[in-house]
Number of protein chains: 2
Amino acid sequence: MKQVKIGILGAGTVGSSLIKIIEKEKQRILQNHGLEIVIQKVGDRSYQKKEFLKNYNSTSNLEEVVDDSEIDIIVELLGGIEPAFSLLNQSLNNQKSIVTANKALLANKGKEIFEKVKELQKKNPKITIGFEASVGGALPIIKNLRRVWSFGQIQSLIGILNGTCNFIISRFEEGMEYEKALKIAQEKGFAEADPSFDISGKDAGQKLAIISSLAFGCWLEETQIQIEGIEKIHKIDFEIANKNNMKIRLLAISKKIQQKLLLRVHPTLIPRNHLLSDVRDEFNALLVEEEYSGITMIVGKGAGGFPTASAVLSDIVSIASGSSNLWFYDFSSYSLIEDGEYKFYLRFQTVDRTGVLAFISKILAENQISIASMHQEEGEEPVNVIIFTHTCKESSIYKAISQIDQNREIILSPTTIIRVF
Amino acid sequence: MKQVKIGILGAGTVGSSLIKIIEKEKQRILQNHGLEIVIQKVGDRSYQKKEFLKNYNSTSNLEEVVDDSEIDIIVELLGGIEPAFSLLNQSLNNQKSIVTANKALLANKGKEIFEKVKELQKKNPKITIGFEASVGGALPIIKNLRRVWSFGQIQSLIGILNGTCNFIISRFEEGMEYEKALKIAQEKGFAEADPSFDISGKDAGQKLAIISSLAFGCWLEETQIQIEGIEKIHKIDFEIANKNNMKIRLLAISKKIQQKLLLRVHPTLIPRNHLLSDVRDEFNALLVEEEYSGITMIVGKGAGGFPTASAVLSDIVSIASGSSNLWFYDFSSYSLIEDGEYKFYLRFQTVDRTGVLAFISKILAENQISIASMHQEEGEEPVNVIIFTHTCKESSIYKAISQIDQNREIILSPTTIIRVF
């Protein structure tokens, strides 16, 4: 039996769930992992208001936790870049391993943190970092990228990485309007009061940065990812997708194409029988394509107190058991694909007048965009004109649509653009 | 950098793939895992016929491999119970860790092997066993059961664990007949010349025994699982499923219900929008329901040289890195549920005559089976009569169907029984 002493920074939803699991499952953790986890100290700014912290050595002074010489592992559950970054830095200076669920931190300061861990390991190989919970809650993505999909080239990662967006998309599929769907997501605790971080695709982008770094062995940051959110897709797009035997998902994609990386987050039309098409509600998923294991997909709860705490706990146990074989990017660098090639779905909202289709198709042709099918939905103005294109460059599409959308006499609202898988 | 010396028993499809990956990915394994893997010796009965073994210290004498004092880990890829069992026993006696891809061995002799490892660990904690490749090829099921889904109660495992059956089912869905589907599966190398081990559900049963043991912390054997294969389902059942917006999958299920275990392998009707409904062709999947992480599903290639070798390699790396935290069943024992409760789909093949429906429904009623819907497919004799029941006991269904099927004047072929999820 081993004993490990942990210090917890932040006793919010995840922190309190972690404490509950550790207490309730003492016996199971001992039996399955030969480990006793001691919660040595909990740092929380408002610890005095939290009844469940009464039995723990708690403090509002977070530095006190990271400076406690008894503690082996610091578990950072604060979120945000500061003070998390400084506290983890100090923890490493104090020769402690760290576990974090903080995706914003890793997507922005990951390089510094990992380089520091790497440097420290030269003298003390036991110091390491666990960050399973930073991506996809209970989905064991990081562990498997480090230990299972780490023998051959990874060709691509395709993920549904934001539960809020996927939940809203599921409601769209049931015919619900955006505002109502968002309200339910907020009531259920999936969506923040300000949902823009999720809806814009930024949250999925941060997660994609972390797992792509791991998959491709270089350090990628959030700013390197081209991101589109679900703001411009509407109920009608789901109805049209359905008629075409397709589904819409907000996909986070990183893909190696001839030694270049394509990094994108965007709504995507996928075939109805695609593995990702039945990933609904708040579930997350990641599809990994690796040289030897082929295609593997993991689906699960991407957020929530217990699922995330469970991922944090798996890191603590791995580190305490000495089994967190580290991954370090090799500083290899890839150039990014700035201008990808896709098939597109375009939905124009136009006046009901002759000459509209001629106008649209002329500008598309001028931009070397070839039309695969064109269809006009029945109904009142604005008339929905749906075009599926053949494969063309992103830059051509955006140029053409900006030209088309300038004509306010014909085009009544900004055109909806969705990539087709 | 660590060095680990392995001995390989069996250089067939998986063994040769393993050797190829180790050679080709030397640099990546060193970089990602800080490990050099040395293939110290290869034991293969027909090693002289295998060109790719020329560069290795090879022998037809398998005992010579397990007795080589230089070797740290014995990798058993022979399949079957003997001589694999004796050789692994001897390896353990020689204080070596073992890695096996052998599901038949674990489903039948697992208890002895695990008890021996447990005993040996008391003196030498480094001795351990890796068996990731025994279930689901490249799907990281074992690792995640040991390390991720190991903090709370596991409520259920639901798997598609046989690629051959799933491949044939996918062809059924496309309207192909059984014989042709099987032939393609054999040509593609998924199905054996004698496919009965797969088709009967036995293969899925062995895998279910292994992962259920792990999930529920007791030792379960193949013989404790009630197994039905896909022999009695036909193209028409898939057509009817489709009309009802459902799919048929051969599911391996273990479930804890009030401190009892339900262990089954059987064809199952699942809703079209179920996560498992898009798992097609030779893909395998496992859906795990655990207390804290909720529902997680893994999908991937369940067989094949490289996927399986990749799983074997992940075990070697884990053990060599000292990170294979062992799992041991706690000798807790569960009683099994002998008579489960389900909704059923019944397809009777009857003569085209009045009184048939009255005859069937009378016997069902006598056995306390309540009919949810009854439908007669149009067409020539035998007429297909489809009944969906309300929830009832398995024993009642089997008793009723055996009574009904005895009436050869009305029932022209054995009735098809499929559980409804």
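Brief remarks on what is shown
- Qualifying residue in the range A:80-90 (condition: over 26 Å from A:E115 (Cβ atoms) and at pLDDT 95 or above): no
- Where a residue in the range B:169-188 is assigned by TED's automatic domain parsing to the domain that holds B:L269 and its partner, wherever it lies, is of a type in the set (S, T, N, Q), with Cβ under 6 Å and at least six apart: B:A185/B:T164
- Looking only at residues of the range B:146-157 that are closer than 20 Å to B:L220 by Cβ and crowded, with 24+ Cβ neighbours inside 10 Å, we find that the one that is nearest to the other protein chains (Cβ to nearest Cβ) is B:S150.
- Unique residue being more than 19 Å from B:F306 (Cα to Cα) and touching a Phe, Trp or Tyr at 6+ places or on another chain (Cβ under 8 Å) when the list is B:S60, B:S46, B:S69, B:S17: B:S60
- Matching residues in the range A:140-156 - criterion: being aliphatic (A, V, I, L, M) and touching a Lys or Arg at 6+ places or on another chain (Cβ under 8 Å): A:V148, A:I154
- Taking each residue of the range A:273-295 that is more than 25 Å from A:F216 (Cβ to Cβ) and more than 7 Å from every other protein chain (Cβ to nearest Cβ) and looking for partners that are in a loop (DSSP other than H, G, I, E, B) and among the basic types (K, R) with beta-carbon atoms closer than 9 Å, six or more apart or interchain, yields A:E282/A:K188.
- When residues of the range B:99-125 are limited to those that are at pLDDT 90 or above and basic (K, R), the one nearest to B:Q224 (Cα to Cα): B:K109
- When each of B:D315, B:D281, B:D339, B:D352 is tested for being closer than 30 Å to B:L77 by Cβ, among the charged types (D, E, K, R) and not in a helix (DSSP H, G or I), the lone residue that passes is B:D281.
- Residue match in the range B:118-125 (condition: within 13 Å of the chain's Cα centre (by Cα), closer than 25 Å to B:L313 by Cβ and either surrounded by 22 or more Cβ atoms within 10 Å (Cβ to Cβ) or within 14 Å of chain A (Cβ to nearest Cβ) (or both)): no
- Residue match in the range A:392-406 (condition: under 21 Å from A:E231 (Cβ atoms) and in a strand (DSSP E or B)): no
- Matching residues, the range B:219-249, being within 14 Å of another protein chain (Cβ to nearest Cβ) and either surrounded by fewer than 17 Cβ atoms within 10 Å (Cβ to Cβ) or in contact with a His (Cβ under 7 Å, 6 or more places away or on another chain) (or both): B:N242, B:N245
- Contact annotation: residue pairs with Cβ atoms under 7 Å, 6 or more positions apart or on different chains, pairing a residue in the range A:75-101 that is assigned by TED's automatic domain parsing to the domain that holds A:D44 with a partner that is of a type in the set (S, T, N, Q) and in a helix (DSSP H, G or I), are A:I81/A:N108; A:I98/A:S91; A:T100/A:S134; A:A101/A:S134; A:A101/A:T308.
- Any hit, the range A:226-247, residues being more than 28 Å from A:K180 (Cα to Cα) and at pLDDT 95 or above: yes
- The residue that is farthest from B:Q403 (Cα to Cα), counting only those in the range B:361-371 that are hydrophobic (A, V, I, L, M, F, W, C) and surrounded by 13 or more Cβ atoms within 10 Å (Cβ to Cβ), is B:I371.
The values are calculated or read from the model by the stated rules, or taken from the named source; none is laboratory data. What you see is a predicted model, and the numbers here were worked out from it, not measured in a lab. Virtual Cβ from ideal backbone geometry, glycine too; neighbours counted across all protein chains shown.
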